[in-house]
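Asker: Take a look at the following structure, please.
The values are calculated or read from the model by the stated rules, or taken from the named source; none is laboratory data. Everything quoted here is computed from the prediction, not taken from an experiment. So basically every Cβ, Gly included, is an ideal-geometry build from the backbone, and we count neighbours across all protein chains shown.
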Amino acid sequence: MTTPTTTRTTPALAIAAGLLATLLVPAAQAVPADAGTAAAAVAPDIPVANVKAHLNQFSTIAANNGGNRAHGRPGYKASIDYVKGKLDAAGFTTSVQQFTSNGATGYNLIADWPGGDPNRVVFAGAHLDSVTSGAGINDNGSGSAGILETALAVSRAQYKPAKHLRFAWWGAEELGIVGSKHYVANLPRTERSKIAGYLNFDMIGSPNPGYFVYDDDPTIEKTFKDYFAGLGVPTEIETEGDGRSDHASFKNAGIPVGGLFTGASTRKTAAQARKWGGTSGQAFDRCYHSSCDTTANINETALNRNSDAAAYAVWALSS
């Protein structure tokens, strides 16, 4: 997630008997019976081990490329190549969009799943770049890995959605949501109008997590809230990162948006700790934008729940 600065270009911008049971119940069984469509009811469980394997790959990429995956650095391009290779092998149609920021070439990766109504697009995205100070495993390897595994689940299921599915991994978010702004600015108006909804996943595995849902499009918001209600996990409206991540690029163009977030530098309150567990008075992510944002900086329960929620929403909104 982008830190707000004066130079940022877009400032506006069933039920389990315990935690173990919750983690083991597939997403299809965890939602309430009336929470979504029949298609949503068969959304697959996303194996958290697979999501963590992608995070390990991002960590290795950073370690082999100067300790980060930042815009303009070799670790970012290696991250793009890793994700693209997985998607190409899974049958997605991928394209890499180039742009320039701070004198360096940046890259957006766009992946389309064949089929579905091209005039109604359900779009999930996450920024793939880190800050220069570290590997960026929670921010935002977590969101990038979660939607990568969701996309691979689409392929494994050979899912045939009614709407067209598109996924994206954005560059230079940490410099002011540059990559997603470039994508939207270069999208013809007729193509913008085809996007039924954009779902953003930025920091979904914070080590002292909260469960925050974007308060934007009512249908998308309700989809996520219904999913977490089925788990018995209360949610709050996301405010800390409002306008600071890639959904803002779409929202500012009049496209319906929504998304999930587990918190950054804001401190968890006592009330939130009673509700979600964790440590009150401590930041949701003490390693936000720091060198300690490593694979040790991930809460597996939050990563699992949010990855499953991503898949649930993709299935529910595209059916």
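Asker: When the stretch 60-81 is examined, which residues are found to be crowded, with 19+ Cβ neighbours inside 10 Å and among the hydroxyl-bearing types (Ser, Thr, Tyr)?
Answerer: Tyr76, Ser79
Asker: May I pose another question? Could you list, in sequence order, all residues of the stretch 93-109 that are crowded, with 18+ Cβ neighbours inside 10 Å, hydrophobic (A, V, I, L, M, F, W, C) and more than 19 Å from Phe58 (Cβ to Cβ)?
Answerer: Phe99
Asker: Taking only the stretch 285-318 into account, find how many residues are within 20 Å of Lys52 (Cβ to Cβ), surrounded by 24 or more Cβ atoms within 10 Å (Cβ to Cβ) and among the small types (Gly, Ala, Ser).
Answerer: 5
Asker: Moving to a separate point now. What are the residues in the stretch 194-227 that are closer than 23 Å to Pro44 by Cα, in contact with a helix residue (DSSP H, G or I) (Cβ under 9 Å, 6 or more places away or on another chain) and either acidic (Asp, Glu) or surrounded by fewer than 21 Cβ atoms within 10 Å (Cβ to Cβ) (or both), if any?
Answerer: Ala196, Asp202, Thr219, Asp226
Asker: In addition: Condition first: in contact with a helix residue (DSSP H, G or I) (Cβ under 7 Å, 6 or more places away or on another chain), in a strand (DSSP E or B) and either closer than 22 Å to Leu148 by Cα or modelled with pLDDT under 95 (or both). Can you find one or more residues in the stretch 245-257 that meet it?
Answerer: Yes, some residue in the stretch 245-257 is in contact with a helix residue (DSSP H, G or I) (Cβ under 7 Å, 6 or more places away or on another chain), in a strand (DSSP E or B) and either closer than 22 Å to Leu148 by Cα or modelled with pLDDT under 95 (or both).
Asker: Looking only at the stretch 175-192, which residues are buried (at least 24 other Cβ atoms within 10 Å of the Cβ) and out of contact with any helix residue (DSSP H, G or I) (no Cβ under 8 Å at 6 or more places or on another chain)?
Answerer: The answer is Val178, and nothing else.
Asker: Go through the stretch 89-122 and count every residue that is under 14 Å from Val154 (Cβ atoms), touching a strand residue (DSSP E or B) at 6+ places or on another chain (Cβ under 6 Å) and of a type outside the set (A, V, I, L, M).
Answerer: Counting residues in the stretch 89-122 that are under 14 Å from Val154 (Cβ atoms), touching a strand residue (DSSP E or B) at 6+ places or on another chain (Cβ under 6 Å) and of a type outside the set (A, V, I, L, M) gives 6.
Asker: Give me the pairs: first residue in the stretch 156-180 and within 24 Å of Lys194 (Cα to Cα) and among the aliphatic types (A, V, I, L, M), second residue at pLDDT below 95 and crowded, with 24+ Cβ neighbours inside 10 Å, beta-carbon distance under 8 Å, and six or more apart or on different chains, which are they?
Answerer: Short answer, once both residue conditions are applied: Ile177/Thr2.
Asker: Could you tell me whether any residue of the stretch 248-261 is on the phi > 0 side of the Ramachandran plot and surrounded by fewer than 22 Cβ atoms within 10 Å (Cβ to Cβ)?
Answerer: Yes, because at least one residue in the stretch 248-261 is on the phi > 0 side of the Ramachandran plot and surrounded by fewer than 22 Cβ atoms within 10 Å (Cβ to Cβ).
Asker: Right, another one. Has the stretch 123-132 got any residue that is over 20 Å from Tyr198 (Cβ atoms), in contact with a strand residue (DSSP E or B) (Cβ under 8 Å, 6 or more places away or on another chain), assigned to a helix (DSSP H, G or I) and small (Gly, Ala, Ser)?
Answerer: No, the conditions are met nowhere in the stretch 123-132.
Asker: Follow-up question, since we're still on this one. Kindly indicate the residue of the stretch 228-240 that is among the small types (Gly, Ala, Ser) and not in a loop (DSSP other than H, G, I, E, B) and also surrounded by the fewest Cβ atoms within 10 Å (Cβ to Cβ) among those meeting that condition. Even if it seems obvious, please write down each step before you answer.
Answerer: Narrowing the stretch 228-240 to residues among the small types (Gly, Ala, Ser): 229-230, 232.
Then drop every residue that is not not in a loop (DSSP other than H, G, I, E, B), which leaves 229-230.
Values: Ala229: 16, Gly230: 22.
Restricting to residues being among the small types (Gly, Ala, Ser) and not in a loop (DSSP other than H, G, I, E, B), the top hit is Ala229.
Asker: Same structure, new question: Given the structure, is Thr150 farther than 14 Å from Ala124 by Cβ and not in a loop (DSSP other than H, G, I, E, B)?
Answerer: No: the conditions fail for Thr150.
Asker: While we're on this one: Of the residues Pro209, Pro118, Pro161, only one is over 16 Å from the mean Cα position of the chain (by Cα), in a loop (DSSP other than H, G, I, E, B) and not β-branched (Val, Ile, Thr); which? Full working, then the answer.
Answerer: Values: Pro209 fails: over 16 Å from the mean Cα position of the chain (by Cα); Pro118 fails: in a loop (DSSP other than H, G, I, E, B).
The conditions single out Pro161.
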